[in-house]
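Structure first, commentary second.
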Amino acid sequence: MSGAQQALSPGQQRLNGHPHPGQQQKPPIFQHLQIANENLWIQLGTVTELIGDLDRALAAYEAALRHNPYSTRAMNSISCILRTKEQYPKAIEYLNQILQIEQNNGETWGSLGHCYLMMDDLQQAYSAYQQALYHLRDPKEPKLWYGIGILYDRYGSLEHAEEAFSQVLRMEPNFDKANEIYFRLGIIYKQRAKYDLSLECFRYIVNNPPRPLTEEDIWFQIGHVHEQKKDFAAAKDAYQRVLEHDPNHAKVLQQLGWLHHQSSAEFTSQELAIEYLEKSVSADNTDAQSWYLLGRCYMSQQKYPRAYEAYQQAVYRDPRNPTFWCSIGVLYYQINQYRDALDAYSRAIRLNPYISEVWYDLGTLYESCNNQVADALDAYSRAADLDPSNPHIKARLQLLRSNQAAGIQHQAPHPQDVNPHSYQAAGVQGPPGPQWGSQAQQPPPPPPP
């Protein structure tokens with residue numbers, strides 16, 4: 001039976017390869033022979049591991065455990081190989097065995113956290129990392145904070161993830177995964193609207209991107225950041241650099257299509273927008289977003305049958321996207337199919353009740369249908385609650401209330417379509433950030449810079 005399969009009670013714990021107190025003492029020569037055999041098999045495992053023969057190395061470490069079932073060195077080596085083989089549940093068994101023997105082993109707690117992270121068990125990973133921070137003599141360990149950064153990134157706790165990744169680069173600027181961290185920080189900065197910092201990160205790694213990313217992937221990100229900054233000319237240049245190497249890059253074609261659609265770009269052209277988006281769906285017809293944006297372009301040209309076909313393709317691929325249903329509602333409104341518009345808006349609200357444009361559009365629909373002013377006011381009020389700084393919603397509410405008091409009826413406004421990038425799925429709420437030297441049982445605030 002291997003060491004990972006033998007459960008140890010606290011009374012059976014042993015440290016540093018010495019027999020635990022419950023074992024019957026054996027003759028000294030036998031003990032020396034046992035220790036020598038253990039060391040020999042560990043050395044053999046180390047050598048075979050260095051030459052890349054992981055299976056033989058694993059067998060050697062297991063042989064060491066047969067000579068000493070409490071060898072934490074052998075257990076740790078086995079767990080490392082199992083992690084390399086991505087056999088994380090088995091690696092966790094060995095790491096837990098080590099912790100039954102050495103409860104205060106911070107390095108092992110950190111390794112356990114990495115395993116849970118790779119299994120996407122975020123709560124267990126968080127607990128293990130907290131224990132590692134508590135037990136390590138020097139918690140400023142780059143690999144540990146790299147794992148903590150990924151943990152918070154997975155949770156969607158971007159502020160904590162940013163701080164953890166920044167800690168790694170401050171501790172060890174030449175960290176072996178530094179370029180990956182720069183990429184992750186670039187994405188985080190983009191999501192947090194720190195666009196200049198995001199561009200710095202992406203430009204730093206554009207000629208040496210972390211695998212499996214390519215230069216084209218980084219130029220795509222650079223283009224997207226410029227687009228978020230409203231620097232459409234720079235965004236277009238970055239996207240074109242990608243197409244020079246990969247003319248059928250579906251995502252870049254999608255972005256260029258939307259770029260040419262937007263009226264704020266100096267090179268606006270609905271014809272070019274449609275051309276790019278049609279190329280995008282030809283390159284990858286499974287991407288619902290490309291079909292949706294194609295529908296938006298057809299809507300701007302009032303080509304409603306084509307817009308309907310594109311929206312149908314989008315919603316077939318992503319039926320739970322509320323922005324798609326909002327736009328379908330706008331389409332039905334434009335062709336005077338008010339009952340269908342109401343159904344589409346209602347579906348969008350069921351999927352996400354926090355999109356102000358849907359409530360505003362519902363208000364315009366109520367105004368258009370038998371002048372249902374009370375229902376329209378309710379919908380506009382909900383839109384105003386969700387977007388209190390929107391002047392158009394405020395103005396419509398004020399006008400409708402004053403007209404209602406005066407008995408005046410005005411024509412309903414046109415519905416407003418949704419910004420396709422405004423409503424992304426939010427990450428799950430993560431736990432608070434860890435802090436160096438903290439008590440593991442009480443999660444503290446994020447670490448200081």
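What follows draws every value from the coordinates through simple rules; no lab data is involved. Just so we're clear, the structure is a prediction, and the values are computed from it rather than from any experiment. Here the Cβ positions follow ideal geometry from the backbone for every residue, glycine too, while neighbour counts run over all protein chains shown.
Efficiency by 1/(1 + (r/R0)^6): what FRET value for Tyr204 and Gln228, r their Cβ-Cβ distance, R0 = 22 Å, to the nearest 0.05? The formula returns an efficiency of 0.75 here.
Computed packing ranks the peptides 90-97, 313-320, 131-138 as 90-97, 131-138, 313-320, most packed first, by mean other Cβ atoms within 10 Å. Here the label points at Gln302 and Arg192, each 7 Å from Cα along the C-beta direction, are separated by 4.7 nm in the simple model.
Per residue of region 383-398, what does 6.51 cos²θ - 1.76 cosθ + 1.60 with θ = phi - 60° give for ³J(HN,Hα)? Whole Hz please, x for Gly and Pro, Karplus curve as stated. Calculated HN-Hα couplings, in order: 4, 5, 4, 7, 9, x, 8, 7, x, 5, 5, 4, 5, 5, 4, 4 Hz. The length gained on full extension between Asn174 and Gln312, counted as 0.36 nm times the residue separation minus their Cα-Cα distance, comes to 44.7 nm.
If R0 is taken as 22 Å, the Cβ-Cβ distance between Asp343 and Asp378 corresponds to a FRET efficiency of 0.75.
Distance between the modelled labels on Gln123 and His245, one decimal in nanometres: 4.3 nm (7 Å Cα→Cβ projection). Compactness ratio for region 196-350: Cα radius of gyration over 2.2 N^0.38 Å (N = residue count) comes to 1.14.
Summarised in one figure, the compactness ratio Rg/Rh of region 272-358, Cα atoms and Kirkwood Rh, is 0.97.
When the Cα positions of Leu293, Ser269, Tyr304 are compared along the charge dipole of region 249-319, Tyr304 comes out farthest toward the positive end, with charges on each C-beta of Lys, Arg, Asp and Glu.
For region 249-319, the mean projected area of the C-alpha convex hull, equal to one quarter of the hull surface, is 4.2 nm².
Between Thr268 and Asp55, the contour length at 0.36 nm per residue exceeds the alpha carbon distance by 70.7 nm. In plain terms, the residue of Arg56, Arg396 with the fewest other Cβ atoms within 10 Å comes first and the most crowded comes last, giving Arg56, Arg396.
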